[in-house]
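The values are calculated or read from the model by the stated rules, or taken from the named source; none is laboratory data. As the structure is a prediction and not an experimental result, all values here were calculated from the model. Positions of Cβ are backbone-derived with ideal geometry, glycine not excepted, and every protein chain shown enters the neighbour counts.
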Amino acid sequence: MSGLTQGLSVSGSLRNLLTTTAPAEPALPATAAVRRLTPPAQLTDIELIDGCLNGSRLMQKYLYERFAARMMAVCLRYAQTTFEAEDVLQEGFLTVFKNLSSFRRECPLEFWIRRIMVNAALRQHRRNAPLVAVSDGGDYPEDLAGEEFTLANYGFEELLTMVQDLAPRYRMVFNLFAIEGYTHREIGEMLEISEGTSKSQYSRARAILKSKLERLDAHRTHGNVRN
């Protein structure tokens, strides 16, 4: 996927952290030396964590490579462009490595990293734009609570484009509620809006996406008929 591939470049402070041309690391215990010879795919998350905490640049590189593509997919949903998603990814991984010693290992490592990426996306939005809802001029119903809404029949690229086209706050609320599973009360606290406003903006985002998906379905049907 082109967006994910573009997002896996390493730059700035993170490159310094992951560089493989760093000075030689101190002598390692036998178990650590064996771990360095183990293919990355065979290392457990715990082994990667322990290696990172012992100062191994190689283990930091392996950890980044294991999760970068999946985390880029998360970042792309919150960002409006691939460039913005790359910034979130870099900031998120810097936070991961700086705070890895505080990871309590009570949940999967991927879950912990994902939350860090979401928080990095929130910080970026606060820096770059006031999170105000902007209408796209469409005429959409306000309440879709009783309607079926499934995304299973659509490709990642199709959905990503539609989500990225949402106004910033609509996009944030939709991702936080529909994808991450936060409650509207929690979202309200995160975005400094009321719980009711979060519900309203989620409903609005759903309506916009539903309308776009219906147009996509109609286009597909029309194309199949012509063929």
- Message: Being at pLDDT 75 or above, outside any loop (DSSP other than H, G, I, E, B) and closer than 30 Å to Thr161 by Cα is the requirement here; does Phe97 meet it?
- Response: no
- Message: Suppose the filter is surrounded by fewer than 17 Cβ atoms within 10 Å (Cβ to Cβ), at pLDDT below 95, over 26 Å from Glu157 (Cα atoms) and among the basic types (Lys, Arg); does Arg36 pass it?
- Response: yes
- Item | Those helices (runs of 4 or more DSSP H) lying entirely in region 124-227 with at least 1 residues at pLDDT 85 or above and small (Gly, Ala, Ser) | 184-191, 195-226
- Query: So which residues in region 100-123 are part of a loop (DSSP other than H, G, I, E, B) and in contact (Cβ under 8 Å) with a residue 12 or more places away in the chain, if there are any at all?
  - Reply: Phe103, Arg105, Pro108
